[in-house]
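Below: the structure, in structure tokens.
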Amino acid sequence: MNDVYAPAPSPAFRLIPSRFPPIGLFDTLATAADLEPVMELAGWTNDRLVSARINRLPRDEWVDGRANASIIMAAFLHVGPGGMRFNTADLGAWYAAATLTTAMAEVAHHLRREAVACGIATAHRTYRRYTSVLAGSYLDIRGQQSARAAVYDPTSFAASQALGEVVRASGGAGILYDGLRHARGVAVVAYRTRNILAVTQTDHFEISVQAAANRIEVRKLTA
């Protein structure tokens, strides 16, 4: 199979739980050299953001001193124990979608999984919407769900993480893929922080799900 590359959708949409602060240390740092002492002073060297993880991100990919730099860096440094579809727990990545609907379907899926795991009937969470422009050329595996069945496995990340880390290690920008939670949806994972441009915070939404049903309720919040 010959690899195909394509640009990312523009803009790309990302939803982040509002419990995480929108502004952080990376936004106001003057230089990347300030990062490590400021992290230590602020107590950021904890189990979510450790020196070992930031050192896995090349220094020329540390983003600082611009609006929403902390949002970008958090995507790479705040990683769950099992990683995500196209990244291991060693280092995160920037996931986004071509439409807001696809982004909502993805976060709702994970919110529903939390509800099931916690044994509760319903779950609610507030999210902030971000738009971004993703530079670069992305490995395009859309329409390859049969040819790459293991990569698209809805219950296992083994093959998809292996593919993603190969793309990252080779210097690739990232991967374009079919959204698994929204029919005909398109999603993207970006591995290069410097390609994540024009990150802008927009609306807030409350998303509600039921543990026993696929219905998603969305309420746009007003200021």
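The values are calculated or read from the model by the stated rules, or taken from the named source; none is laboratory data. Source: prediction; values computed, not measured. Glycine gets a Cβ as well: all are built from the backbone with ideal geometry, and neighbour counts include every protein chain shown.
At-a-glance table
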item: Qualifying residue in the stretch 48-58 (condition: at pLDDT 70 or above, buried (at least 19 other Cβ atoms within 10 Å of the Cβ) and of a type outside the set (D, E, K, R)); result: yes
item: Count of residues meeting criterion [under 21 Å from residue 133 (Cβ atoms) and surrounded by fewer than 19 Cβ atoms within 10 Å (Cβ to Cβ)] in the stretch 193-217; result: 7
item: Count of residues meeting criterion [in a loop (DSSP other than H, G, I, E, B), at pLDDT 95 or above and buried (at least 20 other Cβ atoms within 10 Å of the Cβ)] in the stretch 180-191; result: 1
item: Test for residue 127: is it part of a strand (DSSP E or B), under 25 Å from residue 69 (Cβ atoms) and of a type in the set (Phe, Trp, Tyr); result: yes
item: Number of the exception - residue 110 against (1) at pLDDT 95 or above; (2) over 19 Å from residue 57 (Cβ atoms); (3) within 13 Å of the chain's Cα centre (by Cα); result: (1)
item: Among residues of the stretch 84-94, those that are part of a loop (DSSP other than H, G, I, E, B) and within 11 Å of the chain's Cα centre (by Cα), counted; result: 4
item: Residues that are among the β-branched types (Val, Ile, Thr) and either touching a residue at least 24 places away in the same chain (Cβ under 8 Å) or assigned by TED's automatic domain parsing to the domain that holds residue 72 (or both), drawn from the stretch 152-186; result: 167, 175, 186
item: Residues of the stretch 59-103 classified as small (Gly, Ala, Ser), over 16 Å from residue 196 (Cα atoms) and surrounded by fewer than 19 Cβ atoms within 10 Å (Cβ to Cβ), total; result: 3
item: Meets criteria (part of a loop (DSSP other than H, G, I, E, B), modelled with pLDDT of 90 or more and not small (Gly, Ala, Ser)) for residue 3; result: yes
item: Single match in 172, 164 (criterion: within 25 Å of residue 82 (Cα to Cα), touching a strand residue (DSSP E or B) at 6+ places or on another chain (Cβ under 9 Å), in a loop (DSSP other than H, G, I, E, B) and not hydroxyl-bearing (Ser, Thr, Tyr)); result: 172
item: Residue that is modelled with pLDDT of 95 or more and surrounded by fewer than 14 Cβ atoms within 10 Å (Cβ to Cβ), where the choices are 160, 170; result: 170
